[in-house]
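The values are calculated or read from the model by the stated rules, or taken from the named source; none is laboratory data. Keep in mind that what you see is a predicted model, and the values were worked out from it rather than measured. Here the Cβ positions follow ideal geometry from the backbone for every residue, glycine too, while neighbour counts run over all protein chains shown. Ligands, DNA and RNA are stripped out before the accessible areas are found, and what is left, the full protein with its side chains, is counted by its heavy atoms. Shrake-Rupley method; radii C 1.70, N 1.55, O 1.52, S 1.80 Å.
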Amino acid sequence: MILAGDVGGTKVALTLFEFQGGSLHHAAEQRYAAKDYSGLEAIVKEFLDGHAQEGMISAACFGVPGPVRHGVLRLTNLPWTLDSRKLSLDLGIDHVFLINDLEANGYGIPELKADQIFTLSAGDASAAGNRALISAGTGLGEAFLVWNGKRHIPMASEGGHCDFAPRTDDDIDLFRHLKTKLGGRVSYERVIAGVGIKSVYDFLRDERKMDEPAWLKERMEAEDPNAVIGELGESGKSEICAKTLDMVVGAYGAEAGNLALKVLATGGVYVGGGIAPKILKKLQDGAFMKAFTDKGRLSDLLVQTPVRVILESRAALMGAAAYAEARATELSGHSERAASV
């Protein structure tokens, strides 16, 4: 069996996979609040105690938020340092790998079925070439999937932390507002991702003086603000939430287009993360694709670029499992996938 993990700033998802008929099938899954544990080892041990016997796990891979160097990562949102060698020893698993979470997501794309992907824009579906992956959740992740003539090789990046580029008058004023609020630099993550959506709402309320009715204020204080904004923005029941979503989706589409240009993603752009499936209706209203294709003389290139939304929440876990199996095979010469056929 393969253990796969998706480590976030607030939650850790763990899944056990086995290969049946040459494809991945999840056997067990659980999510944990990261702040309740001293480290990843404690979470994994608790999970395995309830779901697997000693010696059952042949390899493990964890997708982690940030750059992994020599098998080590120091998390920015948690007081944890992850070391693949130490994890291997502590957990008793021969092969343990740490890879960037967007890299794991990239490895998961070939494992997805047709009903786990929504086509936002067909573009030229027959075109081969590099792909791009942009993923807004708590933070904003970006990755490149380089085409080598036979397959796509995911490569991690920290592109979500690149400078926010305002396009509209609203964007320019938002940039000034955030620059003051943050005390300096503003990245795309501060606008598009979960860490930024409420800031866009606050800008519209405080600077644009858009109305926040008492019932909405109560909901914003009692519930997850991003979830409230998404719900009421999509339904149109709140003007300020709808405007917030307009600005966020516009910035999301613009940066997805920027990434497509940088990677020359003729093979398509994939939109992952937890936010996109929750606002799928909004992504289809044209604002995302208008910003995506608004690239001046290169607009036609973006029109021809397929854009697809990943609906499967386990994509990164599936990718981590596929990576673990492939790397363990290289090291041991035994393939779990081949053995199951």
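Some values worked out for this structure:
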read-out: Using θ = phi - 60° and Karplus 6.51 cos²θ - 1.76 cosθ + 1.60, couplings along segment 243-251 (whole Hz; Gly, Pro as x); value: 5, 4, 5, 4, 5, 5, 5, x, 5
read-out: Using θ = phi - 60° and Karplus 6.51 cos²θ - 1.76 cosθ + 1.60, couplings along segment 117-127 (whole Hz; Gly, Pro as x); value: 10, 10, 8, 7, 8, 5, x, 9, 5, 8, 6
read-out: Apportionment of accessible area to carbon and sulfur, segment 1-105, percent (1.4 Å); value: 45
read-out: Diffusion constant of the chain at 10 °C, which comes from Stokes-Einstein with the Kirkwood Cα-pair radius and 1.306 mPa s, µm²/s; value: 76
read-out: Highest average packing first - 149-156, 279-286, 255-262, Cβ atoms within 10 Å; value: 255-262, 279-286, 149-156
read-out: Radius ratio Rg over Rh of segment 1-72, counting only Cα atoms, Kirkwood formula for Rh; value: 0.97
read-out: Accessible-area composition of segment 208-293, carbon plus sulfur, in percent [1.4 Å probe]; value: 52
read-out: Average Cα contact separation per residue, the chain, under 8 Å, 6 or more apart, as relative contact order %; value: 23
read-out: Cβ-placed point charges (K, R +1; D, E -1), dipole of the chain about Cα centre in debye, nearest 20; value: 720
read-out: Lys217/Asp173 FRET efficiency (R0 22 Å; Cβ-Cβ; nearest 0.05); value: 0.45
read-out: Filter on Lys150/Lys198; Lys11/Lys150; Lys35/Lys179; Lys11/Lys290; Lys35/Lys243; Lys198/Lys295 - keep pairs with C-alpha separation over 31 Å; value: Lys150/Lys198; Lys11/Lys150; Lys11/Lys290; Lys35/Lys243
read-out: DSSP-loop GluC sites (Glu not before Pro) across segment 45-138, with at most 12 other Cβ within 10 angstrom; value: Glu54
read-out: Gained length - Ser235 relative to Ala42, 0.36 nm times residue gap less alpha-carbon distance; value: 65.3 nm
read-out: For the chain, accessible area per residue (1.4 Å probe, heavy atoms of protein chains only), Å²; value: 47
